[in-house]
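Below is one structure, written out as structure tokens, with a few remarks after it.
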Amino acid sequence: MKTNPVCIECGKPLSEGVYNFALEVFGHPLCMRHQAIIMESGVSEQATYLYLALRSRDLPFVLSYFDGFKSVDMAIPGKLHIEVSGMHQTADKIAMTTRSPLVLSAKFNIPTIVIPDCLFQNPGTFHKTVDELVKYCRPLISQSSFYHLAHSLTRAQLQ
């Protein structure tokens, strides 16, 4: 029995052409709407790949998140911020990556993980990074009421 592919963001069934294009460009099945949202987000290619890898593991990340004070590459709102450092980052963010990959946001004491873009050069290192982030995030989100609410709603309702 053949199953139809669905968007990892909203669960919408995908046509074969949209599915093949999304896999070629993004590496994950995405509907046209979510392809456009990701392309218009303004985050780096590495941040997009990391976001999609984490979303494919059913983690409730938001891409290009603004918390009212600053914008980050991705976040679990109120719980965790993730930044991918690269040539586009400011000197302050580069300095943070040399000190520690985990820093606290000054405003709300929200943990911010800064991922150096060199971790994306090797597929094995990238997958290990994703695995470590999943291990860190699972207990963090299982303790929140948002996690239980998010799993009772469909992906389309979360948008």
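Laboratory data are not the source of any read-out in this text; all were calculated from the coordinates shown. All values derive from a computational prediction rather than experimental measurement. Neighbour counts are summed over all protein chains in view; Cβ atoms, including those assigned to glycine, are modelled from backbone coordinates with ideal geometry.
Please arrange Ser142, Ser71 by counting, for each residue, the other beta carbons lying within 10 Å of its beta carbon, fewest first.
Details: Ser142 10, Ser71 13.
By the 10 Å Cβ count, ascending, the order reads Ser142, Ser71.
Computed from the mean reciprocal separation of all distinct C-alpha pairs, what Kirkwood hydrodynamic radius does the stretch 40-85 have, in Å? Spell out each step's value before the answer.
On the way: mean 1/r = 0.0949 Å⁻¹.
For the stretch 40-85, the Kirkwood estimate is 10.5 Å.
Using label points projected 7 Å from each Cα along Cα→Cβ, tell me how many nm separate Lys135 and Lys79, to one decimal.
1.8 nm
Would you kindly calculate the translational diffusion coefficient of the stretch 1-89, applying Stokes-Einstein with the Kirkwood radius from alpha carbon pairs, for 20 °C and a viscosity of 1.002 mPa s, and quote it in µm² s⁻¹ without decimals?
Diffusion coefficient, whole number: 156 µm²/s.
Can you classify the stretch 1-40 as rounded, prolate or oblate using the Cα gyration tensor, where a ≥ b ≥ c are the square roots of its eigenvalues, rounded means a/c under 1.5, and otherwise it's prolate if a/b beats b/c and oblate if not?
Because a/c hits 1.5 or more and a/b exceeds b/c, the stretch 1-40 counts as prolate.
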